[in-house]
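> Mind looking over this structure? Questions follow.
What follows draws every value from the coordinates through simple rules; no lab data is involved. Everything quoted here is computed from the prediction, not taken from an experiment. Positions of Cβ are backbone-derived with ideal geometry, glycine not excepted, and every protein chain shown enters the neighbour counts.
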Amino acid sequence: MKIDEIQIRVRYGETDQMGVVYHGNYPLYLEMGRIEWLRKLGISYKKMEENGIMLPVVSLNINYKKSAGYDDVINVKTQLKNTPTAKIEFDYEITNEKGEILTTATTTLVFIDMETNRPTRVPKYILDAIESLG
């Protein structure tokens, strides 16, 4: 499945008193990776919501291996786990400039029909975009 990577420079406000990235910021990095993964497929969260579909996270698993610090450049690799149904799952790997693995993670998100507030199948236009990857 398709893999996408983004780079992020750690900002001072993302670090704690020890000068390392506060653990609570990693879900934001994962979200940035996921949103860019979708955007590069031509899928926008904003347009999805305008079309009545929400995509909340229902599961998040993070394994911290090494720390990142202020002004470090980190790489967030986002990979689709499998073809989505009513849910979509991603694997992540965050590395530093040396290529060392800092964090691994997985997320599961569910497609929600905003009118009924119930799970729904992946919209066809999203499935078509993913299937076009081969």
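> Considering (1) hydrophobic (A, V, I, L, M, F, W, C); (2) touching a helix residue (DSSP H, G or I) at 6+ places or on another chain (Cβ under 9 Å); (3) over 30 Å from Arg9 (Cα atoms), say which one Ile112 fails and leave the rest.
Unmet condition: (2).
> Moving to a separate point now. Can Glu97 be described as in contact with a strand residue (DSSP E or B) (Cβ under 6 Å, 6 or more places away or on another chain), of a type outside the set (S, T, N, Q) and in a loop (DSSP other than H, G, I, E, B)?
yes
> Now for a different question. Name the single residue that is farthest from Ile126 (Cα to Cα) among those in segment 6-54 being among the small types (Gly, Ala, Ser) and in a helix (DSSP H, G or I). Before you say what the answer is, go through the steps one by one.
Taking segment 6-54 as the starting set, the residues that turn out to be among the small types (Gly, Ala, Ser) are 13, 19, 24, 33, 42, 44, 52.
Now narrow it down to the ones that are in a helix (DSSP H, G or I): 13, 24, 33.
Numbers: Gly13: 35, Gly24: 29, Gly33: 17 Å.
In this case the residue turns out to be Gly13.
> Looking at this structure, is Ile35 in contact with a His (Cβ under 9 Å, 6 or more places away or on another chain), on the phi < 0 side of the Ramachandran plot and surrounded by 14 or more Cβ atoms within 10 Å (Cβ to Cβ)?
no
Yes/no matrix, rows are residues, columns are (1) farther than 30 Å from Val20 by Cα; (2) surrounded by 14 or more Cβ atoms within 10 Å (Cβ to Cβ):
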site	(1), (2)
Asn63	no, no
Thr104	no, yes
Val110	yes, yes
Glu115	yes, no
Ala129	yes, yes
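> Moving to a separate point now. Tell me, which residue of segment 88-98 that is under 16 Å from Ile8 (Cβ atoms) and either touching a residue at least 24 places away in the same chain (Cβ under 8 Å) or β-branched (Val, Ile, Thr) (or both) is surrounded by the most Cβ atoms within 10 Å (Cβ to Cβ)?
That would be Ile94.
> Those residues that are without any contact (Cβ under 8 Å) to a residue 40 or more places away in the chain and either under 17 Å from the mean Cα position of the chain (by Cα) or under 20 Å from Lys2 (Cα atoms) (or both), I need them from segment 39-83; list them, please.
Across segment 39-83, the qualifying residues are Arg39, Lys40, Ser44, Tyr45, Lys46.
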